[in-house]
1. Please work out the average accessible area per residue across region 22-76, using the 1.4 Å probe convention, and give it in Å².
2. Rounded to the nearest 10 Å², what accessible area does E42 show when all protein chains are kept and the probe is 1.4 Å?
3. Accessible area of R27, 1.4 Å probe, to the nearest 10 Å²?
4. I need the calculated FRET efficiency for the pair H67 and T21, taking r as the beta carbon distance and R₀ as 22 Å, to the nearest 0.05.
5. Compute the length gained on full extension between Y38 and W5: take 0.36 nm times their separation in residues and subtract their Cα-Cα distance, giving the result in nm to one decimal.
6. The list [x] 43, 29, 27; [y] 34, 24, 17; [z] 33, 27, 22 gives values of Cα extents along the principal axes in Å, and only one came from this structure; which label was calculated from it?
Amino acid sequence: MASQWHDVGSSDDISDDMPMTAKVGDREIGVFLYQGKYYAMEDVCPHAYALLSQGFMMGEEVECPLHGARFKIGRAHV
């Protein structure tokens, strides 16, 4: 599987408590900063259409702003 990198923004656009969302092709990607490292994951909650980047950060987890499900951001280090 080939890796592809995409510029989605500046490091100034993101902080520990303020993730960002980016569009890559037809996918919405959430970019998170946790303990000095950047992580990217699909931004749309699989249960209902809500952007995880608009959720609440709790350590290495983000809570869906719509229904409270939590997802670990540390699974895909970029």
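The values are calculated or read from the model by the stated rules, or taken from the named source; none is laboratory data. These numbers were taken from a predicted model, which means no experiment stands behind them. Note that we place each Cβ from the backbone using ideal geometry, even for glycine, and neighbour counts take in every protein chain shown. Ligands, DNA and RNA are stripped out before the accessible areas are found, and what is left, the full protein with its side chains, is counted by its heavy atoms. Shrake-Rupley method; radii C 1.70, N 1.55, O 1.52, S 1.80 Å.
1. Values: 3220 Å² over 55 residues.
On a per-residue basis, region 22-76 sits at 58 Å².
2. Number for this one is 100 Å².
3. Answer for R27: close to 120 Å² accessible.
4. Details: r = 18 Å, r/R0 = 0.83.
According to the calculation, E is roughly 0.75.
5. Values: separation 33, 0.36 × 33 = 11.88 nm, distance 1.33 nm.
That pair, Y38 and W5, stretches by 10.6 nm at full extension.
6. Here the calculated entry is [z].
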